[in-house]
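Peer 1: Below are the structure tokens for one structure; questions will follow.
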Amino acid sequence: GSSDSSSSSSSASSAGSAAGSSSAGGDTSGSGGSSGSNAPAARGEITIGLLATLTGTTASDGQGAQRGAELAIKELNAAGGVAGYTFKLRAEDTKNESNDVVTAGVQNLLSDDSVKAVVTGYASTTNFEINNFARAGMVYILGGGTAQTAEIVGKDPAKYPTIWSVTPSYAQYGTGPVDLADQWAAAGTWKPRNKSAYIVTSDNAYSKGISTDLKAYFGKKGWSVVGEQTVPFGAVSDWGTVLADIRSKNPDYVVNTDYQVSNEITFLQQFLQNPTKSLMFLQYGPNQPAWLDEAKASGNGVLYNNLAGVIASDKNPETVTLQKAYQAAYGTSAVDPQAVITYQAVKIYADALKKVGDADKKTEIGQAIGASTTKAAGGTIVFDQQTHLAKAGDDFVPLQSFQIQDAKPVLIAPEKYAGGSFVLPPWFQ
Amino acid sequence: MTAMLSVEGLHAGYGRSSVLRGIDLHLDEGEAIGLLGPNGHGKTTLLRCVSGLHRPTAGDIRFQGASLLPLSPRAVLRRGVVQVPQGSRLFPRMTVADCLRLGGAANPDRSARRPLLDEVFGLFPKLQQRSAQLAGTLSGGERQMLSIGIGLMAGPRVLILDEPTLGLAPKVKHELADAIRQLRGRLEALVLVDGDMDLVLRATDRFYVVESGQVVQTGDSVAGADSARMMSLFLGDV
Amino acid sequence: MDAFAAILLSGLVLGSLYGLMASGLSLMWSTLGVFNFGHGVLLALGAYFAWTFTEQLDLPVALAAVLAVVVLAVVGVVYEIALVRPFIRRENGAMLVMVATLAVTALVQSVIQLLWGPQLRRVPQFTSASVSLSGATVSGNQLVALVAAPVLVGALFLVLKRSPIGIAVRALEQNRDHARLVGIRPAAVYVFVVVIACVLAAFAGVLLAGIQFMTPTMGDDPLLRAFVVLAFGGTASLGGTLAGAYLIGLLEAATTYFFGLSWSPVLLFLAMIVVLLLRPEGLIRQRTA
Amino acid sequence: MGGVAAPPADRDTEAPLLSVRGVSKTFGKLAAVRDVSFDVRSGEVFGLAGPNGAGKSTLFNVLTGVPFGPDPGGHVLLRGQDVVGRPGWSITRAGLVRTFQTEAVFDDLSVLQNVRVCASPSALGRRGRVAEDRVREALETVGLTDGDAPAKQLSLVDRKRLMIATAIVSRPSVLLLDEPAAGLEPQDQDQLIDLLRTINAAGVTIILVEHVLRVLRTLCGRMIVLDAGAVIAGGAPEQVLADPAVVQAYLGPGGAA
Amino acid sequence: MAIRVLRLLLPWVVFAVVLAVLPGMFTSAHSRLVLIQALLYGVLAVSWNLTLGLAGIFNFAQIAFFGVGAYSSAILVDRTGMSPWLAMALAAVSAALSACVAFLPVLRLRGIYVGLATYVFSQLCIYLVLGQSDLTGGSNGIVGLPDMTLGPVNFYDHNRYGYYCLGAVLLFAVCAVFLAISRSRFGLSLVALRNNEQLAASRGIRRTRQQFLAFVIGAAAAGVAGSYNAFLNSVVSTDVFGFGYLTILLSMIFLGGRSSIPGTVVGAVVITVLNDRLSGTGAWQQVVTSAIILVVLWVFPEGLAGAGRLLWRRVAAMRGRDGTGGSPTDTTAAAVPLEPAAAHRPADHA
Ligand SMILES: Nc1ncnc2c1ncn2[C@@H]1O[C@H](COP(=O)(O)OP(=O)(O)OP(=O)(O)O)[C@@H](O)[C@H]1O
Ligand SMILES: Nc1ncnc2c1ncn2[C@@H]1O[C@H](COP(=O)(O)OP(=O)(O)OP(=O)(O)O)[C@@H](O)[C@H]1O
Ligand SMILES: [Mg+2]
Ligand SMILES: [Mg+2]
């Protein structure tokens, strides 16, 4: 019966009806093609490519990314498509982000004539595929590795009209935690003893970049960084020596930029065995549902922030919509940050396609994307023309800061969306 | 009366080359037989078949009426058929004592282990002196003694010795020949393969000559010792 | 003083974890002469089974761990029959087994992903007990590892040193034909060894799954670490392996404290070369027979 | 210690080809070789006998630089040059070549390749032609005809032949043979004797470790007997084998029959 | 004699023709890329086979040599603007130099210990790359390397036709060189050392020197492969040192058959194509590929080369029965014994 429904749905969708939703459900590879026979080629089903780590160590990220793109496509098709096009997804597995595999995946998408745009949460560690897509004039909307993206695009933005990042520069990660602490100190909610900070870094580009920025910014704001430790990238099962050093330095503020969920759980738990009176900031990890599930009440008091993912506030209507749709499709309202990226990317592409009207005019579509303003679950996406990254800031994509309170994340900044305010962590009592 | 051990029409080979081509022989209780024959004509292969290390392609091997062919080397050993292999590297990184212990572990009769060990040390005092040395560092002759010692520790009913005197100094060879004669008393039967024809003929009752994978001659050891044909076959013309 | 205690405890905890992982590997190497690349994925498999028993069947962790170990013991039998037995007697048997275990690693990792999905998961810790030593604390599974590693590996060491099965294992490795002639059944010994290795891997997996999140590839990192441990401590004996594990653990703890952890492989390699230059017989005294 | 003095070199003014001076080797408490001295003249066949474990193979190991346990003591002068402490390959290239007690050949190579790989001292040598001639000559000498046969499939006798071929192809000045006749039947022993005579006649000095007395008697001009690492007798075979100390330690009551 | 030469050359001519014809048959960018990756893996696997297969050394540093080659050419091109061709040549040199370091432990170690030490060496390379981020770009890697060109021809054009040709030439060259080595006395000495080191030493073969040469030659080839890979993807990052390469290459070598060059090449092609065919199936890709490898190992422990030999023997036997072929002076018999034991029946030595 399913083949019946899909053929009927594709003809229906080409007629602009909403009935197409039944086929877009879970079928990502898509049988496709049958609609092309009775519709003009330019108005048939087109493919959106996805690069994602569907297997391997970070498979859960890859699946998140796939869900986001799938959901967006399902919604678009349900709404009757865009400019006469309906969409299907073609996912390429980038496994462990090795260059050969990424090159092959990129090539597969580029050689598939029905692919008109490619989205990704992240595809490679270096984002080198940007060059391949730019050379082929393919629309490529990505999320992670913003420093690499800015580095590649920034040299000659004109060469990359079709490359855009829905994630803003990570620069704010390097300032946000410091600014907040200064605010609390000024407001008297928290009294630092000597404005000392301790930074733990994991040996990878992301963590190192943020730690470097933080260190500089701490210094600029009159803090002293009393200690720094770098741990190897990968699972760290014992933080004893790092914590010993922290205890001996007894800083006001501890920042751990090792974003890996399990490392941050272990770090916190081992810290709590004998805590110092320090604020505890953990980079990114607590955003993951798995972190909260595991930490539960022991996470109370922990600070973290996020540039990706939905704005965790009912005050943002797009968030509510996305959460509902996600709940309906996948049975959870905890939208994976990777899903937010690809969901937004597909939607932004669709809007640009609507404007241009022809999926093959990729450069025009790219330019339309660059000029677009999109209110989305993660904030308002406007692109910086120099780096092709989304702009950061409270009116654009905000840096959301959270504190765990009563085993739940509470958004404490920016003011605009905040649902609560900072309290002293329990270990200060 | 059926023979204690009998080999009937045995064929065996390695890959495509056939080594044994229909061997027939038998061993009665209380008997010692010798296998003679030029190098590389299948004696060792025959013995490997008996102890279950090598699967023959045709024929049968029976021990006290029951076929040994389906049995694993361990099961053959449990029936009391113990083989001392030719030119073994032994267990190079185990001590002499451990090697002997290993041999003893194969002996179902625990209480016999201690006396057996004494017996082995009596036979080869050198092993006792060297009992803490690694087997891999023994001299060629010492290794040969240890190999026999391991076999004896298993408490054999039928002992099969494959070239036990290979590389032994004359004196030890004589001692070993004496030891083999002594052993005969405690064993139910003995099979001896050795290059030293003299020794074989002196230590056994009957002999078989194996050539090109077949028994070409058999006879009484005492008579064989005089046989002109034997002399010409093996001693060459000195 | 605090720092010293922290480094010591940390080093011991890491050493115990590494020791548990490396000893299974070293056991198979020193007895069968093969390198088991599948050790990491066996560890993951143990963890996933333990997770299923705790979460799906609601069993207490200790029971789940025991069940997981039992399941892995059964897996070990299959593993031996499918991956070791068919190859080990062949020419280049060691390399064939190595490649077969590599292939099965990829296979089982994918199967885990297909069966359990890629979500991050954790197994509850065995205990919430903790022990402090002048400010440094070990708790939960770390504590269990600290105690279990020397006990388990020590027990295994004794078994291999003293028991008949231990002698049989060594004999088989050194001379297969002669070992069979003294009544050793290679199949039984191989199964024994592989099962023990699997059991050790499963136990390490359950411990680790309480400390960090589980992924199908969770065993890769420990496997690589065990590699380094073996390079340093040698595979000649379990004692050496355990010593190597503690050495690496302490070195890691100390280098983290003083330089940051990333430098320990570099230091290790340098140490290795220095050792080699100082000790002409090599890292591990090898006897040429 | 020292045991009986080694047979004095003849009155030839010519210096001995190989001169072993006070060589010892100990493993822990065990002195496997103790203060052994003897001279070997160019062109002779020199016998070395002694009970099992007397230290004959160990002595060979010392002479040919097999790295084994602690460093040996004493000097081994080959044409006046001390070779003790030099690596095995370099001693071989200096002309001191040995065979092992077990018939060792390279199993994965063919007969021809086995000899070829041993032919040139430098394996990358450019003197291909000369070496090929020598390879053929060595195989002819030992009587191996099928060069393409894989070494793995050789019979014991042929393995021994091949082992000798690989040793003589580099035209050693001294050839050390460790029990070449072990496990051979009388006929094959005779062939071996002939072979060694041929090799010796071609100018190769031979040191022969053997338990088969017939071979020793037939081939050797002089011999020594080791016991417990030390030389207990030396001289012409007939005389040495009648020596009561030798009978007591080595030959046993059966004597040299 | 002429027939002999012809027989010797024939497989090479066929090989060259196949290499030349393939791109004409597979023109799509996708299949072209698959072919190119097969070539790359082929080069790497054959180069690894020198130490792993022929010399029997557990050398796990080959991937490090590959990575060093990739990085050094990327750095040279990126920092100095050097021509990629020169950089590729220098990649061979730098990989060979790194082999000198990796060889240090091999001086004293044997067997699996060599594997452990060389593995640690490749880990060390990763840390050096990450540590020297000013030079290497650290974990950002080096992105945007220029395409290789020859005169007016850009290798990226026409679906990377140029890269294909270069890869084909490299593979052909590597195979030819390595076959020559395995037949040479140098190659024989490596086998001799693998079989019996003590005996080899007593025959004047210098283990350290011969194995060192094998290391360095293999490393140089791997370095070139690394450089090729860097320009092909126009990026280098630490994944060139990754465990992934190790696994995939080992599968190729053993699927194809360890000491056989054609086997290794076929193994590389099979695995690459298989991975590509299954790339849409998620985790099933690994399941199927690994299962196939296991089955081949079970059935043909000598890999596809072993299977091929078996087949060839069957065919030869059939031809023999027909009386149409298999002349008694068949010279290929030296390399592939058709009737190994028949000539050595015991009776022959009586
Ligand atoms: N593992 C093997 N693979 C192939 N051929 C073998 C194998 N073992 C022995 N052979 C061959 O089988 C034949 C018989 O060998 P076997 O060892 O049985 O002879 P033997 O009579 O015991 O000789 P010896 O007196 O030398 O001990 C020989 O030609 C030998 O080359
Ligand atoms: N590495 C070692 N460690 C300890 N002892 C050793 C070592 N190598 C040899 N030995 C001992 O040194 C003595 C001399 O051994 P060697 O092999 O030289 O004897 P041999 O004269 O060749 O005897 P055979 O005639 O039996 O071959 C033996 O007792 C042996 O056990
Ligand atoms: Mg035999
Ligand atoms: Mg000896």
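Peer 1: Which whole-number value in Å² is the accessible area per residue of the range B:81-155, probe 1.4 Å? Could the numbers behind the result be given before it?
Peer 2: Details: 2720 Å² over 75 residues.
Result: 36 Å² per residue.
Peer 1: Can you pull out the buried accessible area for chains E and A, both sides counted, probe 1.4 Å, rounded to the nearest 100 Å²?
Peer 2: Details: alone 18240 and 17100 Å², together 33190 Å².
Approximately 2200 Å² gets buried when E meets A.
Peer 1: Share of antiparallel DSSP beta bridges in the protein assembly as shown, in percent to the nearest 5?
Peer 2: Numbers: 66 of 137 bridges.
Roughly 50 percent of the DSSP beta bridges within the protein assembly as shown come out antiparallel.
Peer 1: What number, in percent, do you get for the relative contact order of the range B:81-155 if the mean sequence gap of Cα pairs under 8 Å and at least 6 apart is divided by its residue count? If you can, show how the numbers build up before the last one.
Peer 2: Numbers: 91 pairs, mean separation 41.8, N = 75.
It rounds to 56 percent for the range B:81-155.
Peer 1: Kirkwood hydrodynamic radius of the protein assembly as shown from all distinct Cα pairs, in Å? Working shown, then result.
Peer 2: Working: mean 1/r = 0.0273 Å⁻¹.
About 36.6 Å, per the Kirkwood formula over Cα pairs.
Peer 1: Summing -39500 (n - 2.57) over the DSSP H runs of n ≥ 4 in chain C and dividing by its residue number, what mean residue ellipticity at 222 nm do you reach, to the nearest 500 deg cm²/dmol?
Peer 2: Details: 12 runs with 207 residues, N = 289.
So the calculated ellipticity at 222 nm is -24000 deg cm²/dmol.
Peer 1: For chain A, what is the calculated [θ] at 222 nm in deg cm²/dmol (nearest 500), taking -39500 (n - 2.57) for each run of four or more DSSP H residues and dividing by its residue count? If you can, show how the numbers build up before the last one.
Peer 2: Working: 14 runs with 168 residues, N = 429.
Computed mean residue ellipticity for chain A: -12000 deg cm²/dmol.
Peer 1: Excluding ligands, DNA and RNA, what is the solvent-accessible area per residue of the range D:84-208 at a probe of 1.4 Å, expressed in Å²?
Peer 2: On the way: 4570 Å² over 125 residues.
In whole numbers, the range D:84-208 has 37 Å² accessible per residue.
Peer 1: Let me ask you something else. Which of D:107, D:82, D:178 ends up with the largest GNM mean-square fluctuation for chain D, with Cα atoms connected below 10 Å?
Peer 2: Looking only at D:107, D:82, D:178, the largest GNM fluctuation is found for D:107.
Peer 1: I'd like the Kirkwood hydrodynamic radius of chain B, using the inverse of the mean 1/r over distinct C-alpha pairs, in Å.
Peer 2: Working: mean 1/r = 0.0551 Å⁻¹.
It is 18.1 Å.
Peer 1: Right, another one. Give the angle, between 0 and 90 degrees and rounded to the nearest 10, that separates the Cα long axis of helix E:84-106 from the longest principal axis of the Cα atoms of chain E.
Peer 2: The angle comes out at about 70 degrees.
Peer 1: With r defined as the distance between the Cβ atoms of residue A:428 and residue A:220 and R0 fixed at 25 Å, what FRET efficiency is calculated, to the nearest 0.05? Could the numbers behind the result be given before it?
Peer 2: Details: r = 26 Å, r/R0 = 1.05.
The value I calculate is 0.40.
Peer 1: Taking 0.36 nm per residue of sequence separation and subtracting the Cα-Cα distance, how much length would be gained by fully extending the chain between residue E:83 and residue E:184, in nm to one decimal?
Peer 2: Between residue E:83 and residue E:184, full extension yields an extra 32.9 nm.
Peer 1: Please provide three numbers in whole Å: the alpha-carbon extents of the range A:352-414 along the principal axes, with the largest listed first.
Peer 2: 51, 22, 14
Peer 1: Relative contact order for chain A using alpha-carbon pairs under 8 Å, separation at least 6, rounded to a whole percent?
Peer 2: Working: 891 pairs, mean separation 70.3, N = 429.
Relative contact order here is 16 percent.
Peer 1: Next question. In nm, give the distance between the simple-model label positions of residue C:129 and residue A:354, each being 7 Å from the Cα along the Cα-to-Cβ direction.
Peer 2: My value for the distance between the label points is 6.4 nm.
Peer 1: Let me ask something else. Relative to the longest principal axis of the C-alpha atoms of chain B, give the angle of the C-alpha long axis of helix B:113-123, reported between 0 and 90° and rounded to the nearest 10°.
Peer 2: 80
Peer 1: Sequence neighbours fewer than 8 away in the same chain don't count; with that in mind, list the lysines whose C-alpha is under 30 Å from residue A:361.
Peer 2: Of all the lysines, those that pass the test against residue A:361 - Cα under 30 Å, at least 8 places apart if same chain - are A:74, A:88, A:116, A:155, A:159, A:347, A:375, A:391.
Peer 1: Further question: Would you calculate the separation in nanometres between label points at residue B:218 and residue A:250, each defined as 7 Å from the Cα along the Cα-to-beta-carbon direction?
Peer 2: 9.7
Peer 1: Separate question: As a test question: what accessible area, to the nearest 10 Å², does residue E:259 have when a 1.4 Å probe is rolled over all protein chains in place?
Peer 2: Using a 1.4 Å probe on the heavy atoms, I get roughly 90 Å².
Peer 1: Roughly how large, in nm² to one decimal, is the mean projection of the convex hull of the alpha-carbon atoms in chain C?
Peer 2: On the way: hull surface 64.7 nm².
Dividing the Cα hull surface by four gives the mean projection, 16.2 nm².
Peer 1: From largest accessible area down, sort D:118, E:165; use a 1.4 Å probe on the protein chains. It would help to have the intermediate numbers written out before the result.
Peer 2: On the way: D:118 0, E:165 50 Å².
If we order D:118, E:165 from most to least accessible, we get E:165, D:118.
Peer 1: Using Cα-Cα distances under 8 Å and only pairs 6 or more residues apart, what relative contact order does chain D have, in percent?
Peer 2: Values: 499 pairs, mean separation 65.9, N = 257.
Relative contact order here is 26 percent.
Peer 1: Order D:226, E:8 by their accessible area, 1.4 angstrom probe, all chains in place, largest first. Intermediate results must be reported in sequence, preceding the final value.
Peer 2: Values: D:226 0, E:8 115 Å².
Heavy-atom accessible area, descending, gives E:8, D:226.
Peer 1: For residue B:171, list the lysines whose Cα falls under 30 Å from its own Cα; do not include residues on the same chain fewer than 8 positions away.
Peer 2: Here the lysines satisfying the reach criterion relative to residue B:171 are B:43, B:126, D:25, D:29, D:56, D:160.
Peer 1: To the nearest 10 square angstrom, how much accessible area does residue A:361 have with a 1.4 angstrom probe?
Peer 2: Here the accessible area works out near 90 Å².
Peer 1: How much accessible area per residue does chain E have, in Å², with a 1.4 Å probe? Walk me through the numbers before you get to the answer.
Peer 2: Details: 13510 Å² over 350 residues.
With all protein chains present, chain E gives 39 Å² per residue.
Peer 1: Follow-up. Can you pull a Stokes-Einstein diffusion coefficient for the range D:160-253 at 20 °C (1.002 mPa s), Rh from Kirkwood over Cα pairs, as a whole number of µm²/s?
Peer 2: Working: Rh = 14.2 Å.
The Stokes-Einstein estimate is 151 µm²/s.
Peer 1: Counting only protein heavy atoms and using a 1.4 Å probe, what share of the accessible area of the protein assembly as shown belongs to carbon plus sulfur, as a whole percent? Please report the intermediate quantities before stating the final value.
Peer 2: Details: 33100 of 57110 Å².
The computed percentage sits at 58.
Peer 1: Given the whole protein assembly as supplied and a 1.4 Å probe, what does the accessible area of residue D:34 come to in Å², nearest 10?
Peer 2: Probe radius 1.4 Å; accessible area of residue D:34 about 80 Å².
Peer 1: Then there is this: Across peptide B:32-38, what mean number of C-beta atoms from other chains lies inside 10 Å of a residue's C-beta? Don't jump to the answer; show the numbers that get you there.
Peer 2: Numbers: counts 0, 0, 0, 0, 1, 3, 11.
What the average comes to for B:32-38 is 2.
Peer 1: Per DSSP helix of 4 or more residues, -39500 (n - 2.57); summed, then divided by the residues of chain E. What does that give at 222 nm, rounded to the nearest 500? Intermediate values should be presented prior to the final figure.
Peer 2: Numbers: 14 runs with 250 residues, N = 350.
Using -39500 (n - 2.57) per qualifying helix, the result is -24000 deg cm²/dmol.
Peer 1: Against the longest alpha carbon principal axis of chain A, how many degrees, from 0 to 90 and to the nearest 10, is the axis of helix A:337-356 turned?
Peer 2: It works out to around 40 degrees.
Peer 1: Calculate how large, on average over all directions, the projected area of the Cα convex hull of the range B:81-155 is; give the answer in nm² to one decimal.
Peer 2: Working: hull surface 17.4 nm².
Value for the range B:81-155: 4.4 nm².
Peer 1: OK, next. Order the following by accessible area, largest value first: C:211, E:3, C:196. Probe radius 1.4 Å; ligands, DNA and RNA are ignored.
Peer 2: Values: C:211 5, E:3 120, C:196 45 Å².
The ranking, largest first, comes out as E:3, C:196, C:211.
Peer 1: Could you pull out every one of the aspartates and glutamates with an alpha carbon less than 13 Å from that of residue D:152, ignoring same-chain neighbours closer than 8 positions?
Peer 2: Candidates past the 8-residue exclusion: C:91, D:103, D:107, D:108.
Peer 1: A follow-up question, please. Say a paramagnetic label sat at a point 7 Å from the Cα of residue C:115, along Cα to Cβ; which residues of the range C:187-210 have their backbone N under 18 Å from it?
Peer 2: What the label zone holds, given the 18 Å backbone N cut-off, is C:195, C:198-207, C:209.
Peer 1: Find the centroid of the Cα atoms in the range C:34-100 and in the range B:100-163, then give the distance between the two in whole Å.
Peer 2: Between the Cα centre of the range C:34-100 and that of the range B:100-163, the gap is 39 Å.
Peer 1: How many Å² of accessible surface get buried when B and D come together, counting both sides, probe radius 1.4 Å, rounded to the nearest 100?
Peer 2: Numbers: alone 11290 and 12280 Å², together 21790 Å².
Protein heavy atoms only, the B-D interface buries about 1800 Å².
Peer 1: Efficiency by 1/(1 + (r/R0)^6): what FRET value for residue C:161 and residue A:83, r their Cβ-Cβ distance, R0 = 56 Å, to the nearest 0.05? Please report the intermediate quantities before stating the final value.
Peer 2: Details: r = 77 Å, r/R0 = 1.38.
After rounding to 0.05, the efficiency reads 0.15.
Peer 1: Using a Förster distance of 51 Å, how high is the FRET efficiency between residue C:77 and residue A:385, based on the Cβ-Cβ distance and rounded to 0.05? Walk me through the numbers on the way to the answer.
Peer 2: Working: r = 64 Å, r/R0 = 1.26.
Efficiency, from the Cβ-Cβ distance: 0.20.
The values are calculated or read from the model by the stated rules, or taken from the named source; none is laboratory data. Note that this is a predicted model, so its numbers are computed, not measured. Note: ideal-geometry Cβ built from the backbone for every residue, glycine included; neighbour counts use all protein chains shown. Please note that ligands, DNA and RNA were not included when accessible areas were found on the heavy atoms of the full protein model with its side chains. Shrake-Rupley method; radii C 1.70, N 1.55, O 1.52, S 1.80 Å.
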